[in-house]
Every structure is written in structure tokens, then in C-alpha cells.
Amino acid sequence: ADERTDAGVPDGWGAQCSFSRRLRERWLPFLRVGYASGGGAALDRSVSTGFAYDVPGRDTVFGLGVNWGRPNRSGSGTATATATEDQYTVEAYYRVQLFDRLAITPDVQVIKNPAANPDADLICIAGLRARLAF
């Protein structure tokens, strides 16, 4: 990532490795590992794992994921320099195909020790995504 002088963010770099494989036509487990150095990243290390499951007889997918992340303690990330505890996240979602070209995905995330908000011990986020294919 290039330096962003106006925002006071130095340049940086990172790497990420992701693995997933469909099992028994319904299960899709995944594993992701990431590393960042500078560039404004909130987390400088991250490991995520989980799965998606195609629900039989329905055009829906249920997913569950967990993440561990180490806040960027260098002070150059979007997390404040006082975020010293590791961040843990759990996310659950349920994607519903409403029409041939439209799917919605409600989800819930629970974050312990959020790096971007070190004053909070635990936060919950509810979301709704939409995917339109054309």
C-alpha cells in the first residue's frame, strides 16, 4: 500500500493465504492466514476458519466463521496504539436466494476486544448484504 501523507499513514505491505475445498457437495470449510506490515492495517496478524453449508432442499447457505487477530501495535494502523489485547470474532450468516439474480444475507458478528475500539470489551454487529447478479 502506498503512503497516504494527508491521512498520516505510512506505506506498507502484506500477504494472505486462503484455502477452501468443497466436501460432499454441501460443505465448504475454509482457512485464511494474513500478515500486514504498516499501510494502515488494523490487524498485523490474522487467522480465520469456518465453513459454509448448502442447506438440502433449499436455495440457502448457512455459514459460521471465527477469527483471531493481533492489533497493529506500531501505531500506524487504523486500530489505536492502545489496542493491546488480541481481537476475537465470531460471525454467523444465512444467505437466501430470493430470485434468480437476487440473494440477501443477514449476518451477526460478535467481536471481543475490538482493535478499532479499545474502550469496548465486546461489540455485536448485525448486518444485511444483498447480491444482485446481472
Query raised in the report: If you average the sequence gap of Cα pairs under 8 Å that are 6 or more apart and divide by the length of the stretch 6-66, what percent do you get for the contact order?
Result: 28
**Report entry** Surface accessible to a 1.4 Å probe, residue 47 within the full protein complex, Å²
**Finding:** 60
Report task. Go ahead and set up a Gaussian network model of the chain, Cα springs under 10 Å, then flag whichever of 48, 18, 37 fluctuates most. Result -> 18
Report task. Quick one: which residues, 5+ away or cross-chain, put their amide H under 5 Å from the amide H of residue 43? H built at 1.01 Å from N. Result -> 72
Report summary line: Heavy-atom accessible area of residue 19, protein chains in place, probe 1.4 angstrom, given in Å² to nearest 10, is 130
Requested in this report: Quick one: order 27, 68 from most to least accessible surface, probe 1.4 Å.
Outcome: 27, 68
Query raised in the report: Looking at the stretch 85-134, which trypsin sites (Lys or Arg not before Pro) are DSSP coil and have at most 14 other C-beta atoms within 10 Å of their C-beta?
Result: 101
Requested in this report: Considering only protein heavy atoms, with the full assembly of protein chains and a 1.4 angstrom probe, order 123, 111 by accessible area, largest first.
Outcome: 123, 111
Query raised in the report: What list of ³J(HN,Hα) values in whole Hz, one per residue of the stretch 92-99 in order, does the Karplus curve 6.51 cos²θ - 1.76 cosθ + 1.60 (θ = phi - 60°) give from phi, with Gly and Pro shown as x?
Result: 10, 9, 9, 8, 10, 8, 6, 9
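The values are calculated or read from the model by the stated rules, or taken from the named source; none is laboratory data. A quick note: this is a predicted structure, and the numbers were derived from the prediction, not measured. Neighbour counts run over all protein chains shown; Cβ positions are idealised from the backbone, glycine included. Ligands, DNA and RNA are excluded from the accessible area calculation, which covers all protein heavy atoms including side chains. Shrake-Rupley method; radii C 1.70, N 1.55, O 1.52, S 1.80 Å.
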